[in-house]
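The values are calculated or read from the model by the stated rules, or taken from the named source; none is laboratory data. Keep in mind it's a predicted model, so treat the numbers as computed, not measured. Virtual Cβ from ideal backbone geometry, glycine too; neighbours counted across all protein chains shown.
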Amino acid sequence: MTKIAPQPGIMEIALYKSGEAVIEGRSEILKLSANESPYGASDKARAAFARSAATLHRYPGTDHADLRHAIAEVHGLDPERVICGVGSDEVLQFVAQAYAGPGDEVIHTAHGFAMYPILAHAVGATPVCVAERARVVDVDAILRACTPRTRIVFIANPGNPTGTILPEAELARLAAGIPESAILVLDGAYTEFAEGYDGGVALVEARGNVIMTRTFSKAYGLGGLRIGWGYAQAGMIGVLNRIRQPFNLSQTQLDTAEAAVRDRDWLNRVVGDTIRNRAWLIEALRAAGVAVDDSHANFVLARFASEAEAAACDAALRADGIIVRRVGGYGFPEGLRITVGDESACRRVAHVIGQFRGAR
């Protein structure tokens, strides 16, 4: 019998399941299960990607300087306090690796991103799940859950799969209320779609216990390249860079992301179309008798009367070649998370769900 054993906590991890992409027997599908942009990457980003083929034999730079400076220039940040990762997931992983371990606690909310408890278990820490209130992060519940062992509080803002958002005043109250030894992580994967919200920049500037993360996977249409970044006070970024692999991003990733972040016209068009289509889809679903909260992301959470009804609606959508996301694992067995596609996709979804509801 082998005596080889993994570190404590690893075997507690439930493997992450991504959104489905295939319907057996159908060659053409409408995939609305992974919150991908229906518009793809900008022409400028695609051109940068193509140009990078000429230097595939070269190692990339290790300091990500050009991309960090582009991010900082566009968002009004200090480039020395930007860190880049393989998606924002890797930046979240850096935080867990650097600041939590056996005996520590990592707080996440009941309907938060599924990676948070995985990251806690991966470093041997204990994940602590805190209830939300009406599908919105509950600051008071989190503060009550904090103990001297709390090291990290993960918040997705806007939330996934809820699409709800916590106001900046509440975020500030949370940052001020957690233990001095704890870090507040603002996971802003959907920030671009939340009008008037910048991911928490002012809070990061004001406090040393907050880090914000962002991604190129959603609004920028670069999910296939896996690029993200984080922003915090210099001390925290210095710690995270010590555990970051020097070549964690290829030159292709770096060049493409830099072109993408500088193409503001494309981003504004994608965000504007998404917000308009999101509002239309929400009203269409409500008109069909489906419960939907206001969303600040590029998806909506449709809630049905029961798990059985959600499953039946999912089956009706799949029969029409449409894949959405069942979210029972996120605490919504009665829910379907639906990516906001382009106008034709939204109308198709609304038509199928309208017919489904009318037939019941």
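Would you pick out the residues in region 205-218 that are part of a loop (DSSP other than H, G, I, E, B) and surrounded by fewer than 24 Cβ atoms within 10 Å (Cβ to Cβ)? It would help to see each step written out before you state the result.
Going residue by residue through region 205-218, those that are part of a loop (DSSP other than H, G, I, E, B) are 207-209, 216-218.
Passing the criteria: 207, 208, 209, 217.
For region 299-326, which residues satisfy the criterion of being under 20 Å from the mean Cα position of the chain (by Cα) and of a type in the set (Lys, Arg)? Lay out the reasoning, then the answer.
Within region 299-326, the subset under 20 Å from the mean Cα position of the chain (by Cα) is 299-302, 323-326.
The answer is 325, 326.
Taking the residues in region 219-253 that are part of a loop (DSSP other than H, G, I, E, B) and among the charged types (D, E, K, R) as candidates, determine which candidate is surrounded by the fewest Cβ atoms within 10 Å (Cβ to Cβ). Explain how you work it out, then say what you get.
Filtering region 219-253 for residues part of a loop (DSSP other than H, G, I, E, B) gives 219-227, 232-233, 244-250.
Now restrict to residues that are among the charged types (D, E, K, R): 226, 244.
Details: 226: 19, 244: 22.
Ranking the candidates gives 226 first.
Is there a residue in region 212-222 that is assigned by TED's automatic domain parsing to the domain that holds residue 114, more than 25 Å from residue 38 (Cβ to Cβ) and under 13 Å from the mean Cα position of the chain (by Cα)?
Going through region 212-222, the residues assigned by TED's automatic domain parsing to the domain that holds residue 114 turn out to be 212-222.
Narrowing the set further to residues that are more than 25 Å from residue 38 (Cβ to Cβ) leaves 212.
Now restrict to residues that are under 13 Å from the mean Cα position of the chain (by Cα): 212.
Yes, because at least one residue in region 212-222 is assigned by TED's automatic domain parsing to the domain that holds residue 114, more than 25 Å from residue 38 (Cβ to Cβ) and under 13 Å from the mean Cα position of the chain (by Cα).
Any residue in region 168-184 that is outside the structural domain of residue 328 (by TED's automatic domain parsing), buried (at least 23 other Cβ atoms within 10 Å of the Cβ), over 22 Å from residue 279 (Cα atoms) and of a type in the set (Asp, Glu)?
The answer is no; no qualifying residue exists.
If we scan region 22-35, do we find a residue that is of a type in the set (Asp, Glu) and exposed (fewer than 15 other Cβ atoms within 10 Å of the Cβ)?
Looking only at region 22-35, we keep the residues that are of a type in the set (Asp, Glu), and these are 24, 28.
If we keep only those that are exposed (fewer than 15 other Cβ atoms within 10 Å of the Cβ) as well, we get 24, 28.
Scanning region 22-35, I find at least one residue that is of a type in the set (Asp, Glu) and exposed (fewer than 15 other Cβ atoms within 10 Å of the Cβ), so the answer is yes.
Checking residue 244 against (1) modelled with pLDDT of 95 or more; (2) outside the structural domain of residue 115 (by TED's automatic domain parsing), which test does it fail?
Status for residue 244: all satisfied but (2).
Is it the case that some residue within region 254-264 is buried (at least 17 other Cβ atoms within 10 Å of the Cβ), of a type in the set (Asp, Glu) and in a strand (DSSP E or B)? So that I can check it myself, show each step before the final result.
Of region 254-264, the ones buried (at least 17 other Cβ atoms within 10 Å of the Cβ) are 254-263.
Restricting the remaining residues to those that are of a type in the set (Asp, Glu) gives 255, 258, 263.
Adding the requirement that they be in a strand (DSSP E or B) leaves none.
Taking every residue of region 254-264 in turn, none turns out to be buried (at least 17 other Cβ atoms within 10 Å of the Cβ), of a type in the set (Asp, Glu) and in a strand (DSSP E or B).
Which number in (1) on the phi < 0 side of the Ramachandran plot; (2) of a type in the set (Gly, Ala, Ser); (3) in contact (Cβ under 8 Å) with a residue 60 or more places away in the chain marks the one condition that residue 163 misses?
Residue 163 satisfies every listed condition except (1).
Based on what the data block shows, is residue 289 assigned to a loop (DSSP other than H, G, I, E, B) and surrounded by 19 or more Cβ atoms within 10 Å (Cβ to Cβ)? Reasoning before the result, please.
Details: assigned to a loop (DSSP other than H, G, I, E, B): yes; surrounded by 19 or more Cβ atoms within 10 Å (Cβ to Cβ): no.
It is false that residue 289 is assigned to a loop (DSSP other than H, G, I, E, B) and surrounded by 19 or more Cβ atoms within 10 Å (Cβ to Cβ).
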